[in-house]
Amino acid sequence: MQAIVLDKVSYQYQLDDTNLVAVNEVSLSIEEGSFVVLLGANGSGKSTLAKMLNGLLVPSSGEVRVFDELTSCEEDEVVYRIRSRVGEIFQNPDNQMVASVIEDDVAFGPENLGIPHEEIVERVDWALRAVGMEAFRSHSPSKLSGGQKQRVAIAGILAMRPKVLVLDESTAMLDPRGRAEVMGVLAQLNKNEGMTVVHITHHMDECVAADRAVVMSEGRVVFDGTPKELFSDPALVERAHLELPPVTQVATLLHESGLPVALGITDREELLEAICRLK
Amino acid sequence: MMKDVSFGQYYPAESGVHRMDPRFKLVLMLFYVVLIFFVDTFVGYLAYLAFVLLMTGLAKVPLRTLLRSLSGVGVMVIFISIINVFFYGGGEPLWSWWVMSVSVESILHALKMALRIMLLVMGPALLTFTTTPTALTDGIESLLSPLKLIKFPVRDVAVIMSIALRMIPTLMEETDRIMMAQKARGASIDTGNIFRRIKALVPVLVPLFVGAFRRAEELAFALDSRCYNASPKRTRYRILKPGARDAVAVLAFAAWGTFVILSIVLFDFDTMIYNAISAAIGG
């Protein structure tokens with residue numbers, strides 16, 4: 001089943017007198033249970049697209065359907081159903097937390113949805129365990145590292161029991177360790193809980209674990225396929241103003257200098273083996 | 001510099017006072033604060049001091065921490081005491097010059113004023129030492145809930161309070177960072193006279209405000225994403241339940257309050273003290 005379907009979606013900003021087209025006729029569908037990484041350089045329209053996935057923004061033209069419901073629907077009930085099904089996490093974890101105690105912050109979503117008290121307690125326990133932050137439940141968010149804060153933000157969304165997680169550049173402000181923590185949590189949720197994940201980023205190495213990579217450039221989708229295919233197309237990567245991970249760059253350079261090394265290698269061990277096999 | 005400011009300074013400890021229902025603590029503290037304005041005898045202040053010290057002991061808050069809460073009003077207490085000693089004007093002057101005079105009464109009056117201010121600060125400080133900001137917000141929300149009848153947005157006010165408390169450390173950190181950035185570029189924030197320093201704060205405040213608005217935008221999206229206002233019947237994660245502990249606290253407080261009120265209405269210990277001291281000096 002398709003979780004989210006975008007049909008010729010465009011979004012225009014009104015900036016002074018000029019119309020800025022941030023997203024230009026994008027059609028895309030996201031399969032339930034898949035792990036999709038949406039890549040794009042700054043200004044490629046990927047954040048605008050992310051906000052249209054749960055109706056925070058409504059497209060200027062075209063339509064977005066979430067489990068067969070239109071995000072442009074005016075009924076509050078439908079709007080909130082869509083938002084509780086597609087949970088969105090943003091870039092700066094500090095700007096997403098509303099309480100000075102972690103467990104209270106995680107409980108905020110279910111409280112808003114009017115979930116009975118006993119079930120909120122269960123959900124908070126489960127969500128904190130799912131992101132590995134149960135030991136910090138009574139702590140203050142200001143004492144946590146960036147990666148930990150972002151995991152708490154994920155728990156806050158998980159407690160609403162969404163079917164899809166959308167991460168709008170949620171790793172952009174984190175150090176490599178924090179990024180690895182968050183990516184680990186996402187992979188686990190996708191594998192163990194069957195959570196559909198849409199991860200928006202400009203770090204190419206983060207799509208290694210994904211089923212599918214979508215690349216946006218200047219408001220359009222310019223690539224849609226497996227990460228392996230994307231890594232094997234250095235020209236496209238460059239056109240989209242992205243940067244290949246170092247391992248892939250080495251493999252590409254070796255390939256271009258005429259050596260029998262395959263394009264699109266993302267794993268260090270794989271590269272090592274390819275090099276060892278050279279005569 | 002900014003690190004010293006700790007708002008709603010909670011002192012974590014395992015105690016009965018900490019575990020009390022925040023609503024009871026808030027209401028009792030309200031009585032405490034209102035009542036002190038009627039107390040004008042040393043016996044009354046002694047009762048207040050005994051109450052504060054007993055609570056501090058029960059809450060397992062170190063005396064040093066309690067006294068530190070007074071550091072903010074130290075200058076004010078000294079200033080008010082001095083003014084009262086010299087300008088009170090009543091009683092038989094022991095010493096006088098121009099419009100100033102010092103008498104036994106003026107000294108005792110100054111002492112009372114100082115005690116009143118200090119007790120006025122220590123009581124609420126004890127409340128914040130023993131109650132987390134979250135519990136305070138919950139308590140205030142619950143106490144204000146009758147206002148829902150007149151369509152007062154109690155829930156929104158509680159969320160605003162919660163977010164404000166949550167953002168204080170974040171904005172403090174940001175202020176620190178901006179100050180360091182300005183210093184790195186040669187701004188002198190900590191030097192010069194007071195006007196210079198105020199002027200130097202402008203390049204700190206402008207980016208701080210711009211940053212706060214940027215945060216607010218992302219926060220608004222985050223609130224929407226978390227279905228804020230989705231259900232008219234918002235449920236709660238924490239449920240406030242008054243227990244036997246709160247009943248005991250109310251009874252003890254009532255007994256103490258009765259004593260304080262009686263000391264105001266019935267006894268006149270102070271005249272006795274005045275007379276005794278005057279006699280001692282005069283004799």
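Please tell me if B:LEU240 is more than 14 Å from chain A (Cβ to nearest Cβ), open to solvent by 30 Å² or more (accessible area, probe 1.4 Å) and over 30 Å from A:ARG85 (Cβ atoms).
Against the criterion (more than 14 Å from chain A (Cβ to nearest Cβ), open to solvent by 30 Å² or more (accessible area, probe 1.4 Å) and over 30 Å from A:ARG85 (Cβ atoms)), B:LEU240 does not qualify.
A:LEU39 versus (1) of a type outside the set (Phe, Trp, Tyr); (2) more than 25 Å from B:ARG166 (Cα to Cα); (3) at the interface with chain B (Cβ under 10 Å from one of its Cβ atoms): which is the lone unmet condition?
Single failed check for A:LEU39: (3).
In the list B:SER81, B:SER71, B:SER96, which residue meets the criterion of being among the polar types (S, T, N, Q) and open to solvent by less than 30 Å² (accessible area, probe 1.4 Å)? Can you show your working first?
Details: B:SER71 fails: open to solvent by less than 30 Å² (accessible area, probe 1.4 Å); B:SER96 fails: open to solvent by less than 30 Å² (accessible area, probe 1.4 Å).
Result: B:SER81 is the single residue among B:SER81, B:SER71, B:SER96 that is among the polar types (S, T, N, Q) and open to solvent by less than 30 Å² (accessible area, probe 1.4 Å).
Taking interchain pairs and intrachain pairs at least six residues apart, which have beta carbon atoms under 6 angstrom, with the first residue in the stretch A:63-86 and away from chain B (no Cβ under 14 Å) and assigned to a loop (DSSP other than H, G, I, E, B) and the second of a type outside the set (D, E, K, R) and open to solvent by 80 Å² or more (accessible area, probe 1.4 Å)?
none
Name the pairs whose Cβ atoms lie under 8 Å apart, with the first residue in the stretch A:15-41 and closer than 30 Å to A:GLU193 by Cα, the second among the acidic types (Asp, Glu), and 6 or more positions between them or separate chains?
As it stands, the answer is A:SER27/A:ASP7; A:LEU28/A:ASP224; A:SER34/A:ASP211; A:PHE35/A:ASP211; A:VAL36/A:ASP211; A:VAL37/A:GLU206, since those pairs meet every condition given.
If you go through the stretch A:134-142 one residue at a time, do you hit one that is in a helix (DSSP H, G or I), open to solvent by 30 Å² or more (accessible area, probe 1.4 Å), among the basic types (Lys, Arg) and more than 17 Å from B:ASP224 (Cβ to Cβ)?
No; the residues of the stretch A:134-142 include none that is in a helix (DSSP H, G or I), open to solvent by 30 Å² or more (accessible area, probe 1.4 Å), among the basic types (Lys, Arg) and more than 17 Å from B:ASP224 (Cβ to Cβ).
Against the condition touching a helix residue (DSSP H, G or I) at 6+ places or on another chain (Cβ under 6 Å) and of a type in the set (Asp, Glu), how does B:GLU141 come out, does it pass?
yes
Tell me, yes or no, whether the stretch A:5-26 has at least one residue that is at pLDDT below 90, among the aliphatic types (A, V, I, L, M), part of a loop (DSSP other than H, G, I, E, B) and open to solvent by 40 Å² or more (accessible area, probe 1.4 Å).
Within the stretch A:5-26, not a single residue is at pLDDT below 90, among the aliphatic types (A, V, I, L, M), part of a loop (DSSP other than H, G, I, E, B) and open to solvent by 40 Å² or more (accessible area, probe 1.4 Å).
When you check A:ALA135 against the structure, is it under 30 Å from A:THR48 (Cβ atoms), more than 10 Å from chain B (Cβ to nearest Cβ) and small (Gly, Ala, Ser), yes or no?
no
Of the residues in the stretch B:243-263, how many are open to solvent by less than 40 Å² (accessible area, probe 1.4 Å) and over 21 Å from B:GLU141 (Cα atoms)?
First pass over the stretch B:243-263, keeping only residues open to solvent by less than 40 Å² (accessible area, probe 1.4 Å): B:243, B:246, B:249, B:253, B:256-257, B:260, B:263.
If we keep only those that are over 21 Å from B:GLU141 (Cα atoms) as well, we get B:249, B:253, B:256-257, B:260, B:263.
So the answer is 6.
Within 12 Å of chain B (Cβ to nearest Cβ) and modelled with pLDDT of 95 or more: is that true of A:VAL124 in this structure?
Yes.
It is to be established whether one or more residues within the stretch A:202-215 are at pLDDT 90 or above, at positive phi and either part of a helix (DSSP H, G or I) or assigned by TED's automatic domain parsing to the domain that holds A:ILE89 (or both).
Checking the stretch A:202-215: not a single residue is at pLDDT 90 or above, at positive phi and either part of a helix (DSSP H, G or I) or assigned by TED's automatic domain parsing to the domain that holds A:ILE89 (or both).
Of the conditions (1) within 25 Å of B:SER103 (Cα to Cα); (2) surrounded by 12 or more Cβ atoms within 10 Å (Cβ to Cβ); (3) aliphatic (A, V, I, L, M), B:LEU26 clears all except one; give me its number.
(1)
Out of the stretch A:51-61, which residues are within 10 Å of chain B (Cβ to nearest Cβ) and assigned to a helix (DSSP H, G or I)?
A:LYS51
Do any helices (runs of 4 or more DSSP H) lying entirely in the stretch B:19-84 carry at least 2 residues that are touching a Leu at 6+ places or on another chain (Cβ under 7 Å), and which ones are they?
Correct list: B:22-36, B:42-58.
Considering (1) over 21 Å from A:ALA180 (Cα atoms); (2) surrounded by 19 or more Cβ atoms within 10 Å (Cβ to Cβ); (3) among the hydrophobic types (A, V, I, L, M, F, W, C), say which one A:CYS73 fails and leave the rest.
Against the list (1) over 21 Å from A:ALA180 (Cα atoms); (2) surrounded by 19 or more Cβ atoms within 10 Å (Cβ to Cβ); (3) among the hydrophobic types (A, V, I, L, M, F, W, C), A:CYS73 comes up short only on (2).
I want to confirm something. Restricting to the stretch B:194-233 and keeping residues that are at the interface with chain A (Cβ under 7 Å from one of its Cβ atoms) and of a type in the set (Asp, Glu), which single residue is surrounded by the fewest Cβ atoms within 10 Å (Cβ to Cβ)?
B:GLU218
Are any of the residues in the stretch A:102-110 within 11 Å of chain B (Cβ to nearest Cβ), assigned to a loop (DSSP other than H, G, I, E, B) and open to solvent by 10 Å² or more (accessible area, probe 1.4 Å)?
no
Among the residues of the stretch B:139-171, count how many are more than 9 Å from chain A (Cβ to nearest Cβ), over 17 Å from the mean Cα position of the chain (by Cα) and in a helix (DSSP H, G or I).
Of all residues in the stretch B:139-171, those more than 9 Å from chain A (Cβ to nearest Cβ) come to B:139-158, B:160-161, B:164, B:171.
Filter again for over 17 Å from the mean Cα position of the chain (by Cα), leaving B:141-158, B:160, B:164, B:171.
From what is left, the residues that are in a helix (DSSP H, G or I) are B:141-150, B:154-158, B:160, B:164, B:171.
Within the stretch B:139-171, residues that are more than 9 Å from chain A (Cβ to nearest Cβ), over 17 Å from the mean Cα position of the chain (by Cα) and in a helix (DSSP H, G or I) number 18.
Residues that are more than 15 Å from the chain's Cα centre (by Cα) and of a type in the set (Ser, Thr, Tyr): does the stretch B:58-79 have at least one?
No, every residue in the stretch B:58-79 fails to be more than 15 Å from the chain's Cα centre (by Cα) and of a type in the set (Ser, Thr, Tyr).
Can you tell me which of (1) outside any helix (DSSP H, G or I); (2) within 8 Å of chain B (Cβ to nearest Cβ); (3) touching a Pro at 6+ places or on another chain (Cβ under 9 Å) is the one A:ILE115 doesn't meet?
Looking at each condition in turn, A:ILE115 falls short on (3).
For the structure I just gave you, tell me whether A:GLY194 is open to solvent by 10 Å² or more (accessible area, probe 1.4 Å) and on the phi > 0 side of the Ramachandran plot.
Yes, satisfied.
Of all residues in the stretch B:1-23 being at pLDDT below 80 and among the polar types (S, T, N, Q), which is surrounded by the fewest Cβ atoms within 10 Å (Cβ to Cβ)?
Checked the stretch B:1-23; the qualifying residue surrounded by the fewest Cβ atoms within 10 Å (Cβ to Cβ) is B:SER6.
Taking the stretch B:176-193 as the search range and keeping residues that are assigned to a helix (DSSP H, G or I) and in contact with a helix residue (DSSP H, G or I) (Cβ under 6 Å, 6 or more places away or on another chain), which one is nearest to the other protein chains (Cβ to nearest Cβ)? Before you say what the answer is, go through the steps one by one.
Step one: filter the stretch B:176-193 for residues assigned to a helix (DSSP H, G or I), giving B:176-184.
Next, only the ones that are in contact with a helix residue (DSSP H, G or I) (Cβ under 6 Å, 6 or more places away or on another chain) stay: B:176, B:178-179, B:182.
On the way: B:ASP176: 13, B:ILE178: 15, B:MET179: 18, B:GLN182: 21 Å.
The qualifying residue nearest to the other protein chains (Cβ to nearest Cβ) is B:ASP176.
The values are calculated or read from the model by the stated rules, or taken from the named source; none is laboratory data. Keep in mind it's a predicted model, so treat the numbers as computed, not measured. No Cβ is skipped: glycine too gets one built from the backbone with ideal geometry, and neighbour counts run over all protein chains shown. Calculation scope for accessible area: heavy atoms of the full protein, side chains included, ligands and nucleic acids excluded. Shrake-Rupley method; radii C 1.70, N 1.55, O 1.52, S 1.80 Å.
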